[in-house]
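The values are calculated or read from the model by the stated rules, or taken from the named source; none is laboratory data. Just so we're clear, the structure is a prediction, and the values are computed from it rather than from any experiment. As a convention, Cβ positions derive from the backbone with ideal geometry for all residues, glycine included, and neighbour counts pool all protein chains shown. To get the accessible areas, we keep the full protein, side chains included, count just its heavy atoms, and leave off ligands, DNA and RNA. Shrake-Rupley method; radii C 1.70, N 1.55, O 1.52, S 1.80 Å.
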Amino acid sequence: MSTDTLLNSFGEKNKEDVRSCLLKLLPHVNINNLILCGGLAVRYHLRRSNKTFDYGREFNDLDFLLKDVGDLKSSICKDLIVYHYHDYTNKKKEHADDFFVALVDRSSKVKLDIFSYVPYTPFDVEEVEFENVKIKIRNPEDQLATQILESAVVLEGGTINPKWIENIEMLLTISDSDKANKYFHSKHYYNGREENPFTENVLDVYERIKNKIKVNPEVLATKSTKRTPYKCELCENKNGFTVSPMENVYKVLGYTE
């Protein structure tokens, strides 16, 4: 697949922002262990399948997976702001994931969220070409399975972004349900527990989610763009990374007036 296929999954005014963010990120990661995921993967697979979708839909973050926290070099601090840096090495009893890093691009105000493979381990990744470099990307069925499992928190009183449901509905039109079901039941972590409590088919779980939303539409909630700065207790200045004060990050993102 060409660079255009990846970038064309965004509206015209956002293409350059995505390109710029990727070019700033790639020199500082172990590209062999980098996997594109989340909304970026959703858009890419839909565009590749020529599906009608609001590709100009606003977005404010790009999601990635890395195998190890050491796959991200501290040299990234020269090009992007460090918003969060959570390294859970030797803290596995307290945290389901291995690490979480959030970066911010000053010029585009796009946030780059980097998650560990654990707990939603990727399966059978695909590849996409960007600027003559091959990058791994989560396949559509695996993205669908992950999104449904994450959305199932509404069954236990949690809230989710309405975009997640739109993503699921669109992924269903291009995904093999049997493959999605296999991936779904291969993911063991769920909502704070190290086991997947769902025994039924992934599509039946999604029906339960939709029924919950019909009865309790308030479970669909978007985050406010006006947020009060806080001190993240999980962040550490570690491994050569220095976390920027929240007040400075929010000024860049426009969360506070």
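Tabulated values for the structure
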{"read-out": "Ranked order, GLU200, GLU16, GLU207 - accessible area, probe 1.4 Å, largest first", "value": "GLU16, GLU207, GLU200"}
{"read-out": "Among GLU156, GLU236, GLU127: highest mean-square fluctuation, GNM of the chain, C-alpha pairs under 10 Å", "value": "GLU156"}
{"read-out": "Where no second cysteine Cβ lies under 4.7 Å, the cysteines concerned in the chain", "value": "CYS21, CYS37, CYS77"}
{"read-out": "Relative contact order [Cα under 8 Å, 6+ residues apart], the stretch 139-223, whole percent", "value": "43 percent"}
{"read-out": "Solvent-accessible area per residue, Å², over the stretch 139-223 with all protein chains present [probe radius 1.4 Å]", "value": "49 Å²"}
{"read-out": "Net length gained if the chain between LYS93 and GLU236 were fully extended (0.36 nm per residue, minus Cα distance)", "value": "49.7 nm"}
{"read-out": "Net dipole in debye of the stretch 139-223 [+1 Lys, Arg Cβ; -1 Asp, Glu Cβ; about Cα centre; nearest 20]", "value": "240 debye"}
{"read-out": "Estimated inter-spin distance, LEU23 and VAL252, nm [label 7 Å along Cα→Cβ]", "value": "1.8 nm"}
{"read-out": "Contour minus Cα-Cα distance for HIS188 and ARG106 (0.36 nm per residue)", "value": "25.8 nm"}
{"read-out": "Over 19 Å between alpha carbons, listed pairs LYS111/LYS210; LYS163/LYS212; LYS24/LYS134; LYS24/LYS111; LYS109/LYS251", "value": "LYS111/LYS210"}
{"read-out": "Cα gyration tensor shape for the chain, rounded if a/c is under 1.5, else prolate or oblate", "value": "rounded"}
{"read-out": "Fraction of accessible area attributable to carbon and sulfur, the stretch 139-223 (%, probe 1.4 Å)", "value": "47 percent"}
